[in-house]
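Here the structure comes first, spelled out in structure tokens, and everything after it is commentary.
The values are calculated or read from the model by the stated rules, or taken from the named source; none is laboratory data. Bear in mind the structure is a predicted one, so any value in this text is a computation, not a measurement. Neighbour counts run over all protein chains shown; Cβ positions are idealised from the backbone, glycine included.
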Amino acid sequence: MLSKRIIPCLDVRDGKTTKGVKFQGNIDIGDPVEMARFYYKEGADEIVFYDITASSDRRDIMIDVVRRVAEEIFIPFSVGGGIRTIEDMRRVLLAGAEKVSVNTAAVQNPEIIADGARAFGSQCIVLGMDVKKVETSRKIPSGYEIVINGGRTYTGIDALEWAKRAESMGAGEICLNSIDADGTLQGYEIALTPLISENVNIPVIASGGAGNIDHIYDVLTKGKADAALVASIVHHGTYTVKQIKEALHAQGVKVRMRW
């Protein structure tokens, strides 16, 4: 069995790490370079970095921040937000990231998934999925809809069908974020995660809602997630990455212990 991963997420806006609830009310909480360095030393398995307004503002990602973060950590590092072309992917990877995450751009131009996989390998291509629970319908049979542009635009795309399609096109991993659970500290969307993870053959990272270690345990076991994204509970010092891993290990979850 592969080890489960604990992945701090740094949402960045105007060069600062920020955090909100359900994609709203964001406040700045720190410097992304310093925070990435801290989580690396704490034992994080990876770091995810999202430029959360690059797509909605229609601007390029802040490559200087990517480069500075990559200089400070020696674990896999995924970058998303504002990546629209193969050249954007190349710039981010050359700046030091191991993976690129496409979300809005992939919905608007699905071929970017296949093009990226051909150019850099599927292991570099992460599909970011921002998902909202909606009424089940013929168009959205799973009851979960893909939303883009930082939670601003409903697409009419069913989340499960999109995950399957992206995998067939070459995505090597899915970062699955529940907008309903995001920042609430009430737990991951535990029905959503297995819906996706049990129907694709690529790793699924659960995102949105972690408030305590039980939530993380549940999504890694009941939710069948391969990794858990954490933000508020580590950004605000409720738990350290080390404490999370030690607690999971004590409960029989296989995690990488780097100390």
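Selection of segment 87-111 for residues being buried (at least 22 other Cβ atoms within 10 Å of the Cβ) and either among the hydroxyl-bearing types (Ser, Thr, Tyr) or more than 18 Å from the chain's Cα centre (by Cα) (or both) yields 101, 104. Residues in segment 87-114 that are touching a Ser or Thr at 6+ places or on another chain (Cβ under 9 Å), within 20 Å of residue 63 (Cβ to Cβ) and free of Cβ contacts under 8 Å to residues at least 60 places away in the same chain: 7 in all. Of all residues in segment 24-38 being under 16 Å from residue 69 (Cβ atoms) and part of a strand (DSSP E or B), which is modelled with the lowest pLDDT? In this case the residue turns out to be 29. Please pick out the residue among 69, 65, 134 that is under 19 Å from residue 176 (Cβ atoms) and either among the aliphatic types (A, V, I, L, M) or surrounded by 22 or more Cβ atoms within 10 Å (Cβ to Cβ) (or both). The conditions single out 134. Annotation: of all residues in segment 219-238 being buried (at least 18 other Cβ atoms within 10 Å of the Cβ) and without any contact (Cβ under 8 Å) to a residue 60 or more places away in the chain, the one that is nearest to residue 9 (Cα to Cα) is 233. Close Cβ contacts (under 9 Å, 6 or more residues apart or on different chains) running from residues in segment 240-259 that are under 14 Å from residue 228 (Cα atoms) to residues that are polar (S, T, N, Q) comprise 253/3; 253/221; 254/3; 255/3; 256/3. Within segment 143-169, the set of residues being among the small types (Gly, Ala, Ser) and either at pLDDT 95 or above or closer than 20 Å to residue 201 by Cα (or both) comprises 143, 156, 159, 163, 166, 168.
Of 193, 184, which residue is touching a residue at least 12 places away in the same chain (Cβ under 8 Å) and surrounded by fewer than 19 Cβ atoms within 10 Å (Cβ to Cβ)?
184
Scanning segment 109-160 for residues being farther than 16 Å from residue 79 by Cα and in a strand (DSSP E or B) gives a total of 14. I'd like to know if segment 74-86 contains one or more residues that are assigned to a helix (DSSP H, G or I) and either surrounded by 18 or more Cβ atoms within 10 Å (Cβ to Cβ) or over 19 Å from the mean Cα position of the chain (by Cα) (or both). Looking through segment 74-86, at least one residue is assigned to a helix (DSSP H, G or I) and either surrounded by 18 or more Cβ atoms within 10 Å (Cβ to Cβ) or over 19 Å from the mean Cα position of the chain (by Cα) (or both).
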